[in-house]
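Quick notes on the structure that follows.
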Amino acid sequence: MRLNPEFLRNLWIEMSLHRLIVMPIVLGGLFYLSWMTSSVNTLWNPRNFLILTYTVLVMMWGVPQAGDSVIQEILHRTWDSQRMSILSPWSMTWGKLLGSTIFTWYGGIMVLGMLYAVMHLHYPYFPTTRLHQLLLYSVGCGLLGQSLSLLLSLLSIHGGSLPRRRYISGPLAVGLVVSLLYLLGVIFFLVVPDAEKEMVFWHGWQTTLPTFTLYSLASFLLWSWLGLYRLMSQELQKPTGPLVWIAFLIFLCWYGAGFIQLSPSMEAGDQQMLQLWLAQAIMALLTYFAAFFESKNLLSYRKTLYYARRGAWRNLWHTIPLWWVGLCLLTAMLLNSLMSPFRLEFTQATLLFSGNAPIHLKWAMLAALLFMFRDLALMQLIYLNPNGQRARATIILYLLVLYILLPSVAATLGAAHITAPLFFPMAGYDPILIVSPPMVEALVVIGLAWSRWKSLMKSA
């Protein structure tokens, strides 16, 4: 059998004879110390020690290792030669993902084996099914955290901002967040009586929370691998389209809508409308995410517009920005909502408003879309600045000013009610006041972005 060359290369680097011998000796010595110094009256016991050790090995060490696997290639100027190799995107993906973390998994699997033995010997009343769920949860969290770390690194590389820096904290931040979430989940899995009472109702399906957690973990793990495959295909100059992104958008909207259950006082049409609103909110967040991380260089936009003018639909399909796709889908969903009738009772039950002011929900939804147009145009305006530095930090700063600082200042001055339509889509105002401010703001920012685009095109 011929192994993946990239995986084999990482295997030779990570799994030296010295490391293979030292890892079990160190883990065995530490486990022995925890066994001898443990006390039943404290949290210091072999079980908790093994869980913490697994967290350090696979999450806090393995997750940054996966994220740095491509970053280190760029810093050592070997990534370009690897991109020109004959390896397929999938071979490069799993070669980097598993090869760079093989040593941490070498120790992590040993720790899980010791944890399984400790739970059987010293916790005989702990359900075997829950123990298996705990082990699957541990492996799934490790794989998902490492996949997301590599995904974040590839997004940074694809955006063109990573090679300017010698250090990136993204993979380490992902490792810390995943470690915290993993430990919280482990605490939940260990509390067996309370965990068994927690039920999840999702799309009419009822199951226990641990089972649903494992199914969700497996689903998002598969999607993270698909995302890695797509990004790696782009890095290797393989043609890609937005099909995977569209499928992920649909899946996430469907996944989130399943948590909205039909209550006895709610009609079926109202439930569907709530599900549609939640799907629109998810679609909007993912569109912001795509616009924030995607590459915004002038050449990519010129290629997209060139293919559109020439009617080269196949090439356009491979180059269209993902945030364009999300924005088009969101606009279509919003138009569908605007054309649907809203019952007054349902509208009043789902909104907070003062007095007897009429509610113009559809106008507020249109205002929300206009605010989104403004924000996306602001992102492009900043990204297209040829002299701009730290564009992403600048975007975050502007959004914080628009949505937090300015409304807080207005509230301090006692003008919150008057100025609210300037900052948020409000449903309890006159339709003109609801739509006019975001429309003017969107037109101004779009005009500035278009002017900058035209000036860049003239100087190109």
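Across segment 1-238, C-alpha contacts under 8 Å between residues 6 or more apart give a mean separation that, scaled by the residue count, equals a relative contact order of 28 percent.
Charging the Cβ of each Asp and Glu at -1 and of each Lys and Arg at +1, and nothing else, the dipole of the chain about its Cα centre rounds to 1740 debye. The sum of -39500 (n - 2.57) across all DSSP H runs of n ≥ 4, divided by the residue count of the chain, sets its helix-only mean residue ellipticity at 222 nm to -24000 deg cm²/dmol. Taking 7 Å steps out from each Cα toward its Cβ at residue 432 and residue 246 produces label points 4.2 nm apart. Between residue 314 and residue 338, the contour length at 0.36 nm per residue exceeds the Cα-Cα span by 5.4 nm. Highest mean first, the peptides 445-454, 400-409, 421-430 sorted by other C-beta atoms within 10 Å per residue fall in the order 421-430, 445-454, 400-409. The peptide list 380-391, 79-90, put in order of mean Cβ contacts within 10 Å with the highest first, becomes 380-391, 79-90. Take the Cβ atoms of residue 454 and residue 187, set R0 to 45 Å, and the FRET efficiency comes out at 0.20. I need the fraction of alpha carbon pairs in the chain separated by more than 39 Å, rounded to a whole percent. Counting pairs separated by more than 39 Å, the tail of P(r) holds 36 percent.
Report, in degrees rounded to the nearest 10, the 0 to 90 angle that the Cα long axis of helix 89-99 makes with the longest principal axis of the chain. For helix 89-99, the angle is close to 50 degrees. Between residue 12 and residue 403, the modelled labels are 4.9 nm apart [label points 7 Å from Cα along Cα→Cβ]. What the Cβ-Cβ distance of residue 272 and residue 176 gives, at R0 = 45 Å and to the nearest 0.05, is a FRET efficiency of 0.70. Across the cross-link table entries 96/458; 238/454; 238/458, which are compared at the Cα atoms, the separations over 32 Å belong to 96/458.
Listed from fewest to most Cβ neighbours within 10 Å, the set 419, 240 follows the order 419, 240.
Rule-based calculations on the coordinates, nothing more; no lab input. Small disclaimer: the values here were computed from a predicted structure and weren't measured. Note that each Cβ is placed from the backbone with ideal geometry, even for glycine, and that neighbours are counted across all protein chains shown.
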